Each structure stands twice: as structure tokens, then as C-alpha cells.
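Visitor: Here's a structure for you.
The values are calculated or read from the model by the stated rules, or taken from the named source; none is laboratory data. Quantities reported herein were computed from a predicted structural model and do not represent experimental measurements. Cβ coordinates were reconstructed from backbone atoms using ideal geometry, including for glycine residues, and neighbour counts include every protein chain displayed.
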Amino acid sequence: MPFYGPVRRLLPAALLALAVLPAHALRTESFFSSSGAGAGKLEVASGSSMVRFRTGVSSAAASAALEGAGFQVRGYIGGTGWAEVGLPEGMSVSQGLSLLSSLGAVEAAAPNRIFRPNRVPDDPFVGSQYALSRIEAFGAWEYETGSSSRATVAIIDTGIDASHPELSGKLSGTSRAFNPTNGAASNNQPPTAACNHATRAAGVAAAASGNALGVAGVSWGARLISLKVFDTADCYSDCGDKPGHACGTSEVSIAAAINDVRSLHNGAQLGKVIVNMSLGSIGGCSVALQTAVTNAVNDGLLLFAAAGNDSATLMDSPSNCTGVVAVGATDSADNLASFSNTDTRLMTAGITAPGVEIYTTDISSSYVPASGTSFSSPMSAGLAALLWSAKPAASAADIKGYMMDSADDLGAPGPDREYGRGRINALKAIRLALGVTKDY
């Protein structure tokens, strides 16, 4: 069972003997810090701030100075030198801190931040999902679970099993199937699965969470769209090769699927769109596929693709297409997975995420551990959906930057061909996205 860290909750006994605080319901507001890159949003107590008085200022003098400006010292936090101060009615915390900081008796002023119990979902198999602890998803869920605004993860794969209880309620009404040879599109609603691969990838990114069932996805609230580019007749249930056939698809079909979801995005049906491609082919990115990717990137979509599972020194296509975030795999100890492809392109355009024994959804309403960069990629896509839900005004380039700039550096210092920019860290990424870089 993974260790999730202490519950971040201020219990009465741990309030450091806060004296004589009037009893009232807790009211909160957003406070935007000016520190760090962009606006930093904190949840703080309304009508309240904390101050530390200058050395030599008596309690009586401090109270008099604050009361003269309309504030009220409501209690001292024993042994810390800090006091809790009530703000005048109707004054925002931002205004209060500005005024308090200008008073001669005050050495420092800070917001009275809100703490809440850790959001550990009640999904029964979450204890088997070591990757959630490794990427610090539990801490990230303190800020956002993926429900604040709409984000959709488009799974270009083998088709999602729409009957799975963890996925059925997450699917949009725009799922499609594409002929594996010529890319001809048809409606696939509700979506059907050629094999289990897409169902597994979808669960990693966005399985329903906090529902006392199965597993937890990285983004609890993200929507899913199934873009089926593999033919049911060519694939076994486990995506192995059927005698006389190969479970495969063409780049025409993949390019058609990218273009299809781009048109849906332009129609504003899906909100912010993240594309996951847990598939690959040896060789460079073709001109046709690159054109489809570039068009999608220019339209504001964010694309992720598995780096490949060949232990090779070059990544698969489409992970090597310009504009795609390539994702390699790590194990439970943050080692590079033995199968994960490496490439110098990972140094500028790639990241890694857990991809060994990832517990996730499977066809027939079941659950399995699955391994491969195929599951590192949707884990990263799920994080992108989480970040976009928390900061919907961000661009796709912003979201990619938050993920890469906050990744945990593994291997040799700095970007490298094995781990890319590092292994994703959901907590660091969401704090960076929200600008929460200053601890008061």
C-alpha cells in the first residue's frame, strides 16, 4: 500500500493555541499572489489575515495601531510571533494585506490560507496504483480534480469499450471509427473495442474517480472521445496478431482521426482537447502525418504519443513528429523501463511517466495491470487535462511548458535522451500552472 503522506488538515488541537477566535462559519475567497510566473491563486479565509509585529512593539501598542486602521487583533498563535487579524467588513484579503503591510507596527503580513483533507479517492484499487503516488497526483488533487472546466482526452486507438462502468459516463457523443486502410470515417456511437488497448489507455487518463469503484484516473472530470483506427476483424481481444492478419492501421487512418477531432474542437463541442496516440511505427514522421499534426497544433490541440517499446535508440512515429509530446516509460523506482525507446528528441520535446504494471480498466468491465509507453502517454495526457481544467485560459503551449518545466529530473542532470525533460509531477505542474510559488 503506497504511503500518501500526512493528511493536510488543521485540527483544533494543532492550531497552536489560537486564542479567542470568534465562532463563525468559514468563508473563503481567492487570493492572487504576485510572486512567480503569472497570477498565483490561493484559497484563503475571507475577512482574515496573519501579521507579525516588529520586535519591541507591545501587544497593547500593536492592537491600538491596527484598531486605528480598522483592523482587530483576534488572537495570537502561541510561540510563533504571529497573530490573526480581522479585516474591516467588505475588505478583500488583497486590500487588507496591502494596508497592513504599510503600518509601522507590522513587520510582515500574510493571507490565512485554507487547508483541507487530502483528496484520496475511495476507488478500491487505488492502493495498487503506485504511479499516482509517484507523480504526486494526490497532492495535485488538492488543487483540482479535473471538474472545474471541460477538457476532453481523444483516444486514437483500438476503440474504447463503452460498457465499462468507469468509462461509460465519460464518453462524448462524437466517437468515430476510421477504415484502417483509407481512413474513411463512420459513426461509432456508442464506441466499440477492437481489443483492450484503448480501454486500458482511457482508464489511465480519465477513469471515473471517487466513485467507490475500481481505479482512479489522473483527471477525474475529463471527458473521453473514442477514435477507433483499428479493425475488430484484425485484432484479438488482447491486441495480438490474428493468424493471417496483423492488428494494425495506416497513417492515413491516423491522420484522418487527428483531422476529425480537430474539426470537432473547432466546433467547440469538446472544450480543451488533448489527443493521445498510444501507437507507433518505426521510421520518421511522414510529410502527410506531420501536416495533420501541425494543423492540430495550430488549432490549439495538445498531442501526446508513446515513444515506443523496442528498447531502441530512436522513437517511433508519431512521437517523433514536430509538435507532439513524446512520452517514455519509467518503473515504480523511477528507473527507465527496460523496453522504453530513447532519442535525443526527448531532450527538447519529451517526458517520461510511469509505464510498468499500471493498474487500469480493461474490456468486459474488468481491471488489469498493463505495461508499456502506451500507458505512460495517457497518464501524461490525463495530467494535461487536469491542468487545463484548473487553468482553462492557458494555451496548449502553456500546458506543455508547465508539464516539462515541473518534471522531476531523473538520470543525468538536465534533459537527456532517456528521460527527456524528466518524469511528470502532477503536484509541481499544477502549482506552476496556478503560480503557487510562494509559501507564506
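Visitor: Any idea which of V120, V73 is within 24 Å of E43 (Cα to Cα) and touching a strand residue (DSSP E or B) at 6+ places or on another chain (Cβ under 8 Å)?
Guide: V73
Visitor: What are the residues in the range 53-83 that are closer than 22 Å to S30 by Cα and in contact with a Phe, Trp or Tyr (Cβ under 7 Å, 6 or more places away or on another chain), if any?
Guide: A83
Visitor: A further question on this structure: For residues that are polar (S, T, N, Q), modelled with pLDDT of 95 or more and out of contact with any Asp or Glu (no Cβ under 6 Å at 6 or more places or on another chain), scanning just the range 381-440, find the one that is surrounded by the most Cβ atoms within 10 Å (Cβ to Cβ).
Guide: By that ranking, first place goes to S406.
Visitor: Same structure again: Got a sec? Which of A194, A206 is closer than 20 Å to C239 by Cα, assigned by TED's automatic domain parsing to the domain that holds S149 and aliphatic (A, V, I, L, M)?
Guide: Sole residue among the options that is closer than 20 Å to C239 by Cα, assigned by TED's automatic domain parsing to the domain that holds S149 and aliphatic (A, V, I, L, M): A194.
Visitor: Given G355, G308, G300, G284, which one is within 16 Å of A397 (Cβ to Cβ) and either surrounded by 24 or more Cβ atoms within 10 Å (Cβ to Cβ) or in the same structural domain as R417 (by TED's automatic domain parsing) (or both)?
Guide: G300
Visitor: Let me ask you something else. Looking at (1) buried (at least 21 other Cβ atoms within 10 Å of the Cβ); (2) part of a strand (DSSP E or B), find the lone condition where S186 falls short.
Guide: In the conditions (1) buried (at least 21 other Cβ atoms within 10 Å of the Cβ); (2) part of a strand (DSSP E or B), S186 misses (1) alone.
Listed here are the residues, each with its yes/no results for (1) assigned to a loop (DSSP other than H, G, I, E, B); (2) more than 18 Å from M403 (Cβ to Cβ); (3) at pLDDT below 95.
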{"position": "T322", "(1), (2), (3)": "yes, no, no"}
{"position": "V325", "(1), (2), (3)": "no, no, no"}
{"position": "G328", "(1), (2), (3)": "no, no, no"}
{"position": "S332", "(1), (2), (3)": "yes, yes, no"}
{"position": "S338", "(1), (2), (3)": "yes, yes, no"}
{"position": "T344", "(1), (2), (3)": "yes, yes, no"}
{"position": "A353", "(1), (2), (3)": "no, no, no"}
{"position": "V356", "(1), (2), (3)": "yes, yes, no"}
{"position": "Y359", "(1), (2), (3)": "no, yes, no"}
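Visitor: Specify the residue that is nearest to F32 (Cα to Cα); the eligible residues are those in the range 61-82 that are of a type in the set (S, T, Y) and not in a loop (DSSP other than H, G, I, E, B).
Guide: Looking at residues that are of a type in the set (S, T, Y) and not in a loop (DSSP other than H, G, I, E, B), I get Y76.
Visitor: Return the residue satisfying two criteria in turn: it lies in the range 229-264 and is touching a helix residue (DSSP H, G or I) at 6+ places or on another chain (Cβ under 7 Å) and at pLDDT 95 or above, and of such residues it is surrounded by the fewest Cβ atoms within 10 Å (Cβ to Cβ).
Guide: Looking at the filtered set, the residue picked out is N259.
Visitor: Could you grab me the full set of residues in the range 311-320 that are of a type outside the set (G, A, S) and surrounded by 24 or more Cβ atoms within 10 Å (Cβ to Cβ)?
Guide: Once the filter is applied, which keeps residues that are of a type outside the set (G, A, S) and surrounded by 24 or more Cβ atoms within 10 Å (Cβ to Cβ), the range 311-320 yields M315, D316, P318, N320.
Visitor: How many residues are in a loop (DSSP other than H, G, I, E, B) and touching a Ser or Thr at 6+ places or on another chain (Cβ under 7 Å) if we restrict to the range 366-409?
Guide: 1
Visitor: Scan the range 360-380 for residues that are touching a His at 6+ places or on another chain (Cβ under 9 Å) and crowded, with 24+ Cβ neighbours inside 10 Å and jot them down.
Guide: T361, S374
Visitor: So how many residues does the range 83-126 have that are in a strand (DSSP E or B) and among the polar types (S, T, N, Q)?
Guide: Number of matching residues: 1.
Visitor: In the set L227, L167, L213, L171, which member is over 16 Å from I363 (Cα atoms) and touching a residue at least 40 places away in the same chain (Cβ under 8 Å)?
Guide: Among L227, L167, L213, L171, only L227 is over 16 Å from I363 (Cα atoms) and touching a residue at least 40 places away in the same chain (Cβ under 8 Å).
Visitor: Which is β-branched (V, I, T), out of contact with any Asp or Glu (no Cβ under 7 Å at 6 or more places or on another chain) and touching a residue at least 40 places away in the same chain (Cβ under 8 Å), of T192, T199?
Guide: On inspection, the qualifying residue turns out to be T192.
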